[in-house]
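Remarks on the structure that follows.
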Ligand code: NAD
Ligand code: SER
């Protein structure tokens, strides 16, 4: 494997912590530099290099890329769907300018590869609800979705015009126990597990029957690594790949938890996030990711529930 030096931006977040640890296992701790605006996550401490970095400060970012001899960037810093609706200008500014700063520096410094995630939030109420295809009507209603869709086309543009090897996945809602989620509409599916253990009840901010595409974090990390490892010739999508894990509603995740915690009770009081959830597809068609780089999820709802509860019982304070 060629000598790589990777910069992870947004490494203290829900995905960043686990992706940084996974990358360090493969590339060696010293070759994966974690960075974030906020302090280093506890789980990263002592596991490799960390720098404090604001992706909006292009000059400082550029200096770090040169100083650290960076060859690949994984850009995870963003404002997610629910938080984005509270401050649309900030969400647009960070999600767009952060990406453009990274793409520009990557082009200038001729970096090997860039990874940037998109989201199922690109889809809107006019997209198909079931098995939403890779290419379809895409009319997002959140500032987060608009920024992700625009970002996908910037990635494609830098690839087509400058030959930059930038790759992307439209993640579904991600569920994990190591690091807390950062303000998304799918966050309920993380909170429900810790509340089930601590309180034996959970008040959900979405309606009982709201189906959304979801994925367990180990699958999301593996998908990211598999996409980034695939030969460039196999990558036919330079905007962002649909990938699928599982789909469930609050009622179904509660039933899965009740198999292990029978006294668990779910109640639902929908808030502003219901409208966002209603605008997204319920399931995703990932046939192109399967064909191009062999994507196949490993976790279904019950397998994820078993693993989440087992791990949260071991380390309840981590979430
Ligand atoms: P998160 O909010 O948990 O983490 C984002 C991190 O970026 C935080 O640690 C934050 O401090 C950092 N950050 C914010 N502004 C920054 C700045 N100016 N400079 C440097 N760092 C900054 O988000 P996440 O869930 O880990 O998401 C990572 C990426 O994956 C985002 O692009 C998100 O849109 C995408 N995504 C996430 C999900 C999900 O369910 N978690 C689903 C689809 C897509
Ligand atoms: N989980 C994310 C959110 O709800 C989807 O991108 O914002």
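For every residue, the table says whether it meets (1) away from ligand 2 (no atom under 16 Å from the Cβ); (2) part of a helix (DSSP H, G or I); (3) modelled with pLDDT of 95 or more.
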position	(1), (2), (3)
127	no, no, yes
130	yes, no, yes
135	yes, no, yes
138	no, no, yes
146	no, yes, yes
150	no, yes, yes
158	yes, yes, yes
161	yes, yes, yes
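Quick check, is residue 119 within 12 Å of ligand 1 (Cβ to nearest atom), crowded, with 20+ Cβ neighbours inside 10 Å, within 19 Å of the chain's Cα centre (by Cα) and more than 23 Å from residue 60 (Cβ to Cβ)? First the steps, then the outcome.
Values: within 12 Å of ligand 1 (Cβ to nearest atom): yes; crowded, with 20+ Cβ neighbours inside 10 Å: yes; within 19 Å of the chain's Cα centre (by Cα): yes; more than 23 Å from residue 60 (Cβ to Cβ): yes.
Answer is yes for this residue.
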* Spans of strands (runs of 3 or more DSSP E) in the stretch 1-114 with at least 1 residues within 14 Å of ligand 1 (Cβ to nearest atom) and surrounded by fewer than 17 Cβ atoms within 10 Å (Cβ to Cβ) -> 50-52
* Asked: Going through the stretch 176-209 one residue at a time, which ones are in a helix (DSSP H, G or I) and either within 16 Å of ligand 2 (Cβ to nearest atom) or surrounded by fewer than 22 Cβ atoms within 10 Å (Cβ to Cβ) (or both)?
  -> 188, 189, 190, 191, 192, 193, 194, 195, 197, 198
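Test of understanding: among 271, 302, which residue is surrounded by fewer than 17 Cβ atoms within 10 Å (Cβ to Cβ), touching a residue at least 24 places away in the same chain (Cβ under 8 Å) and in contact with a helix residue (DSSP H, G or I) (Cβ under 8 Å, 6 or more places away or on another chain)? Even if it seems obvious, please write down each step before you answer.
Values: 271 fails: in contact with a helix residue (DSSP H, G or I) (Cβ under 8 Å, 6 or more places away or on another chain).
Going through 271, 302 in turn, the sole match is 302.
Count, please, the residues in the stretch 126-142 that happen to be under 23 Å from residue 78 (Cα atoms), surrounded by fewer than 21 Cβ atoms within 10 Å (Cβ to Cβ) and touching a residue at least 24 places away in the same chain (Cβ under 8 Å). Talk me through it step by step, then tell me what you get.
Initial filter on the stretch 126-142 (under 23 Å from residue 78 (Cα atoms)): 134, 138-142.
Now restrict to residues that are surrounded by fewer than 21 Cβ atoms within 10 Å (Cβ to Cβ): 134, 138-139, 141.
Filter once more, keeping what is touching a residue at least 24 places away in the same chain (Cβ under 8 Å): 134, 141.
Counting residues in the stretch 126-142 that are under 23 Å from residue 78 (Cα atoms), surrounded by fewer than 21 Cβ atoms within 10 Å (Cβ to Cβ) and touching a residue at least 24 places away in the same chain (Cβ under 8 Å) gives 2.
The values are calculated or read from the model by the stated rules, or taken from the named source; none is laboratory data. Remember, predicted model here, so these are calculated numbers, not experimental data. Methodologically, a virtual Cβ is constructed for each residue, glycine included, from the backbone with ideal geometry; neighbour enumeration extends over all protein chains shown.
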